[in-house]
Amino acid sequence: MGRYNTFPAFNTATAPRYVVVWDLQWQVIECQRLEPAADLSGAMAATIERLAGEGWQAEATPVYG
């Protein structure tokens, strides 16, 4: 069985993708639509950085979304 070199969700997409922020009870806090071929990992990292600046703390790094 092969292993992924990178998380496949960050592969270049031909359809729109979304960055969704949930709280601990899985309630959507915000949702941002990204255009096809957008930098998905960059968008995730930017969202985490913006929220950290507002005092939020991410559960993990943006490596796996």
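Just so you know, all these numbers are worked out from the coordinates, no wet-lab data involved. As the structure is a computational prediction, the values presented were derived from the model and not from experiment.
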Study note, to complete from the structure: If amide H atoms are modeled at 1.01 Å from N in the peptide plane, then the residues at a separation of 5 or more from Leu34, or on another chain, having amide H under 5 Å from its own are Arg17, Tyr18, Val19
Study note, to complete from the structure: Expected vector for segment 15-21, Karplus 3J(HN,Hα) from phi with 6.51, -1.76, 1.60 and θ = phi - 60°, integer Hz, x for Gly and Pro, equals 10, x, 10, 9, 9, 10, 10
Practice item. Tell me which residues come under 5 Å, amide H to amide H, from Ala13 once H is placed; ignore anything under 5 positions away on its chain. Key: Ala37, Ala38
